[in-house]
Amino acid sequence: MSADSRSGKNVRRLAACGLQVLVCGASTLVAVACAADVVGHPPDTGGTADGVPPFFARQVIVNLDGEPVEGATVMQGGANKRWLTGPDGGVDVVLDTSVRGEIHLVASHPQARTLTRRGSKTIEPDETEPVVIDLTRVDPRDNPEYEFQHPGSPELHSTQKYCSHCHLTIGAGWHASPHRTAASNPAVQDLYVGVSSAVTTLDDCEGVGGRWAKGLAPGSTGSVMRCYLGDGVLGRLNPQAGLGEVARKFGGCADCHAPGINGQIGGRDLMDATGVAYEYGVHCDVCHKVENVDLSAPAGVAGRLKVHRPSETSASSDWAYLSYGPYYDVPTAAMGAVPRDHFRESQFCAGCHQLDQDVLVPGSQIDLARWPDGKLPIHSTYSEWETYYDRPQATCSSCHMSVATDVLNAADLQELQEINPKIKPSAVVGWERSVGEVRTHEWKGPRSEVWAALQLAAEVTVRTHVTSQLFTVDVTVENVGPGHALPTGEPLRSVVLHVSASCGGEALAVAGGDVVPDFGGSLDKREAGEDWAVWLGARQGDVLRVVRDTAAWHDYPGYGPFGDGRFTPAQKGMPVEVAVGTSLITFVAADGKVVLDRPLLAGDRVYRGEVMGGASPRARALAGAPGFGFARVLVGPEGERMVPHFAAVDVASDNRLLPAKPWTSHHQFHSLCDEPRVRTTLLLRAYPLGLALERGWQPREIRLVDQLN
């Protein structure tokens with residue numbers, strides 16, 4: 001079925017539900033009022049043309065393991081109203097005959113698979129006997145012999161053994177998401193083992209200072225030659241372990257990046273991830289086996305995410321079907337569905353996107369004066385949303401899982417009806433869902449370059465003042481979109497603000513003001529007293545940016561103790577550096593001596609970097625340039641900055657942009673005209689430039705804002 005035909009059918013469905021479309025800026029909001037929402041208060045519509053009443057009542061009795069059960073949920077399939085059974089297991093319900101498809105009553109219980117009555121017989125208005133639904137408790141034991149189901153792909157959905165066999169739209173969205181590549185992501189694998197997957201030959205490896213040796217190939221049980229280069233989880237946490245030996249500590253990486261490794265749940269070596277666990281990372285059968293979320297436990301499937309794999313046998317498969325999900329009316333045997341509300345809540349995402357970590361580096365201790373609970377804040381997306389966002393109704397899924405407006409239900413009922421128009425909504429194929437009930441599983445985020453929300457994440461406001469000699473620019477950056485910090489998640493990320501000014505197309509020389517911090521990236525760096533005339537490895541076109549320390553500290557509104565008054569400005573760890581001047585390298589001699597377009601001015605530090613480049617997606621070395629930066633800066637035991645979190649012993653600073661907490665930086669340029677112009681560019685980066693260059697990763701960045709005033 002074409003997208004146009006699906007869209008047309010969906011528009012008709014929306015119109016039948018009383019659709020209102022509201023356009024707000026670049027966003028379209030859909031408001032729906034469906035008849036199913038008013039089952040409890042039926043309108044006075046009289047009868048129908050065929051004599052079927054619009055509403056009728058029915059008594060329902062729900063048994064659990066043969067005994068009447070209190071607190072079971074009863075609802076009509078495809079409707080919205082839910083009832084709870086009383087102490088006798090009974091409840092009176094009202095059914096709505098306007099709900100399209102077969103009329104079924106469905107019962108669910110937190111400890112049982114959702115079912116209709118025996119034989120899945122439809123409910124008729126003229127029945128007089130109570131409807132009895134018998135539920136059976138799920139075996140509460142987790143079964144380590146269970147093997148996680150293959151999720152399938154847009155091309156692979158031929159049989160029911162693939163989740164994508166029924167869930168085409170959801171499967172296609174998930175397949176394009178970062179969750180699918182959580183285990184196979186080369187950057188994750190490189191940091192775990194301490195290698196560079198981009199370096200593939202002995203000569204190239206030796207050329208970058210690496211060690212060419214045999215090691216386990218990611219996602220397999222075989223060995224390959226690899227370039228061991230830089231720090232890694234296994235080497236850092238197991239300094240006594242030899243190459244190829246079984247490591248003792250794994251850093252908990254696999255608990256979130258490869259949660260579906262068969263056998264023991266949690267505490268696994270990421271290199272154990274093979275097959276489905278490696279190729280598909282965070283996939284359907286892992287998430288929908290999570291029966292509970294315990295925020296007091298450690299992150300991942302070893303603690304916070306309570307995975308429950310079925311132990312009951314089945315005649316049609318190795319184990320009885322079992323899946324936990326957000327709906328209360330899914331009696332389809334192939335799902336074995338048990339409802340859980342956590343799928344609609346941000347707490348579920350907190351299972352992995354909230355990580356407070358011990359210092360993992362052997363021989364290093366945490367500074368308890370700074371971190372009295374003994375934990376470093378690593379991933380704090382959930383607590384950022386919970387603490388700083390004033391819209392608790394806007395959950396993670398409401399932003400990162402867009403509404404699937406062109407589907408009828410999670411099992412793509414519209415596709416079945418396109419093949420056979422006689423197929424009705426039923427207990428087997430499901431019922432139509434209200435708009436907003438079905439969401440794509442793309443989980444769009446900071447890697448989604450074409451995601452409109454990224455372009456709406458931040459706002460940059462510029463104020464200028466011109467005198468005969470000085471052009472002053474104040475730039476305010478505000479997080480106006482996300483319900484969490486910008487950036488959030490992986491602490492290797494940063495947001496860099498670059499500011500430049502010009503007159504008639506001629507760049508203005510910097511005269512002072514705030515600069516991009518060191519995490520903006522440099523190709524080299526020298527302190528006062530070192531030789532600033534020789535730069536081995538320099539290239540024509542590189543720039544030398546001189547800055548001066550002011551002995552002051554930025555007092556910014558940061559996360560946790562960096563903004564709640566516990567830390568002094570000095571403890572917040574961001575020194576105030578100001579621009580002194582910039583010189584362009586016009587020639588580099590064989591011995592590294594450079595010729596400059598203007599003499600270097602005196603200062604405390606000089607960064608060798610690059611000119612901000614056009615529209616290129618490649619990140620440039622911008623430390624010391626006019627601008628600013630926002631990041632959570634983790635430091636290692638030797639003071640190394642912007643280290644991966646497995647190597648962290650402290651958080652030096654955290655000035656990431658929290659919701660509705662703007663930051664203003666100040667800049668000065670030498671004025672050459674009465675009406676100079678200023679360009680502000682806000683860049684979102686996935687990795688520190690130095691780390692990306694070391695490992696051979698493509699140091700890409702996304703332009704959140706690029707404006708000329």
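The values are calculated or read from the model by the stated rules, or taken from the named source; none is laboratory data. All values derive from a computational prediction rather than experimental measurement. Here the Cβ is made from the backbone with ideal geometry for all residues, glycine too, and neighbour counts use every protein chain on show. The protein model used for the area step is the full one, side chains on, heavy atoms only, and it has no ligands, DNA or RNA in it. Shrake-Rupley method; radii C 1.70, N 1.55, O 1.52, S 1.80 Å.
Where the centroid of each part is defined by its Cα atoms, how far is segment 441-477 from segment 384-414 in Å?
26
With a Cα-only, solvent-free Debye model of segment 574-628, what are the log10 I(q)/I(0) values at q = 0.15 Å⁻¹?
-0.54
Taking the Cα centre of the chain as the origin and placing charges on Cβ (Lys, Arg +1; Asp, Glu -1), which of Trp431, Phe56, Phe562 is farthest toward the positive end of the dipole?
Phe562
Which of the lysines could a cross-linker span from Lys593 if the Cα-Cα distance has to be under 20 Å and same-chain partners fewer than 8 positions apart are dropped?
Answer for Lys593, where 20 Å is the Cα cut-off: Lys525, listed by chain and number.
Distance between the C-alpha centers of segment 248-309 and segment 319-364? Whole Å please.
The distance from the Cα centre of segment 248-309 to that of segment 319-364 comes to 10 Å.
For segment 462-529, just say rounded, prolate or oblate: build the C-alpha gyration tensor, square-root its eigenvalues into a ≥ b ≥ c, call rounded for a/c under 1.5, and beyond that prolate if a/b exceeds b/c, oblate if not. Write out the running numbers ahead of the final one.
Numbers: a/c = 2.68, a/b = 1.32, b/c = 2.04.
Oblate.
Calculate the FRET efficiency for Cys673 and Arg370 from the Cβ-Cβ distance with a Förster distance of 60 Å, rounded to the nearest 0.05.
Values: r = 49 Å, r/R0 = 0.81.
Plugging the Cβ-Cβ distance into 1/(1 + (r/R0)^6) gives 0.80.
With θ set to phi - 60°, apply the Karplus curve 6.51 cos²θ - 1.76 cosθ + 1.60 along segment 596-605 and write out the HN-Hα couplings as whole Hz, x wherever there is a Gly or Pro.
Computed from phi, the couplings for segment 596-605 are 10, 6, 7, x, 6, 8, 6, x, 8, 7 Hz.
Which of these values of mean projected area of the Cα convex hull in nm² was calculated from the structure shown: (i) 61.5; (ii) 36.7; (iii) 28.4?
Only one option fits the structure, namely (ii).
Counting each DSSP H run of 4 or more residues in the chain as -39500 (n - 2.57), what helix-only mean residue ellipticity at 222 nm follows after dividing by all residues, to the nearest 500 deg cm²/dmol? Before the final figure, lay out each step's value.
Working: 14 runs with 88 residues, N = 709.
For the chain, the value works out to -3000 deg cm²/dmol.
With each label point set 7 Å from Cα along the Cα-Cβ vector, what nm distance links Asp555 and Asp390?
The answer from the label model is 2.4 nm.
Kindly rank 382-395, 320-333, 475-488, 64-77 from highest to lowest mean number of other beta carbons found within 10 Å of each residue. Don't skip to the answer; put the middle values down first.
Numbers: 382-395: 15.7, 320-333: 20.6, 475-488: 22.3, 64-77: 18.4.
So the order, starting with the most tightly packed, is 475-488, 320-333, 64-77, 382-395.
Would you work out if segment 274-319 is rounded, prolate or oblate? Take a ≥ b ≥ c from the square roots of the eigenvalues of the alpha-carbon gyration tensor; rounded if a/c is under 1.5, else prolate when a/b is larger than b/c, oblate otherwise.
Working: a/c = 3.02, a/b = 1.38, b/c = 2.18.
Oblate, since a/c reaches 1.5 and b/c is not below a/b.
Among bridges DSSP assigns within the chain, what percent are antiparallel (round to 5)? Could the numbers behind the result be given before it?
Working: 113 of 122 bridges.
Counting DSSP beta bridges with both partners in the chain, the antiparallel share is about 95 percent.
Using R₀ = 22 Å, calculate the FRET efficiency as 1/(1 + (r/R₀)^6) where r is the Cβ-Cβ separation of Asp134 and Ser317; round to 0.05. Numbers along the way, then the final one.
On the way: r = 22 Å, r/R0 = 0.99.
Efficiency for this residue pair is about 0.50.
Calculated FRET efficiency, Leu708 and Ala509, Cβ-Cβ r, R0 25 Å, to nearest 0.05? Before the final figure, lay out each step's value.
Working: r = 19 Å, r/R0 = 0.75.
That pair, Leu708 with Ala509, gives E of 0.85.
Just want the answer: with Cβ charges of +1 for Lys and Arg and -1 for Asp and Glu, which residue in Ser398, Leu135, Ile265 is farthest toward the dipole's positive end in the chain?
So the residue we want is Ser398.
What does the extension gain come out to for Ala333 and Met225, with contour length at 0.36 nm per residue minus their alpha carbon separation? All intermediate terms of the calculation are to be shown ahead of the outcome.
Values: separation 108, 0.36 × 108 = 38.88 nm, distance 4.75 nm.
Between Ala333 and Met225, full extension yields an extra 34.1 nm.
Could you check the simple spin-label distance between Thr461 and Gln59, using points 7 Å along Cα→Cβ, in nm with one decimal?
The two pseudo-label positions are separated by 6.6 nm.
At Ser398 and Thr200, where each label point lies 7 Å from the Cα along Cα→Cβ, what is the point-to-point distance in nanometres?
Roughly 4.6 nm, to one decimal.
Kirkwood Rh, segment 605-654, all Cα pairs: how many Å? Kindly include the intermediate steps, with their values, before the conclusion.
Details: mean 1/r = 0.0779 Å⁻¹.
The Cα-based Kirkwood calculation yields 12.8 Å.
Can you tell me the accessible area per residue over the chain, all protein chains present, probe 1.4 angstrom, in square angstrom?
Numbers: 32050 Å² over 709 residues.
Result: 45 Å² per residue.
Using only alpha carbon pairs under 8 Å that are at least six residues apart, calculate the relative contact order of segment 175-264 and give it in whole percent. If you can, show how the numbers build up before the last one.
Details: 104 pairs, mean separation 24.6, N = 90.
Rounded, it is 27 percent for segment 175-264.
Run the accessible area of segment 413-465 with a 1.4 Å probe and give the carbon-and-sulfur part as a rounded percent. Write down the numbers at each step before the final one.
Numbers: 1590 of 2910 Å².
Carbon plus sulfur share of accessible area: 55 percent.
Give me the percent of accessible area attributable to carbon and sulfur for segment 504-614, probe 1.4 angstrom. Could you put the intermediate results ahead of the total?
Working: 2800 of 5120 Å².
That share works out to 55 percent.
Roughly how big is segment 49-144's charge dipole about its Cα centre, with Cβ charges of +1 (Lys, Arg) and -1 (Asp, Glu), in debye to the nearest 20?
320
Suppose every K and R has +1 on its Cβ and every D and E has -1 on its Cβ; what is the size of the dipole of the chain about the Cα centre, in Debye to the nearest 20? Don't skip to the answer; put the middle values down first.
Values: 63 positive and 83 negative charges, 184 e Å.
That gives a dipole near 880 debye.
Gap in Å between the Cα centre of segment 669-709 and the Cα centre of segment 575-636?
For segment 575-636 versus segment 669-709, the Cα centre distance is 12 Å.
Please label the shape of segment 356-475 as rounded, prolate or oblate, based on the square roots a ≥ b ≥ c of the eigenvalues of the alpha-carbon gyration tensor (a/c under 1.5 means rounded; beyond that, a/b larger than b/c means prolate, else oblate).
Oblate, because a/c is 1.5 or more while a/b does not exceed b/c.
Which of Leu634, Pro372, Ser522 sits farthest toward the positive end of the charge dipole of the chain, with +1 on the Cβ of Lys and Arg and -1 on the Cβ of Asp and Glu?
Ranked along the dipole, the leading option is Ser522.
Compute, for segment 70-219, the length of the dipole vector about the Cα centre, with Cβ point charges of +1 (Lys, Arg) and -1 (Asp, Glu) only. Units Debye, rounded to 20.
On the way: 13 positive and 19 negative charges, 38 e Å.
About 180 debye.
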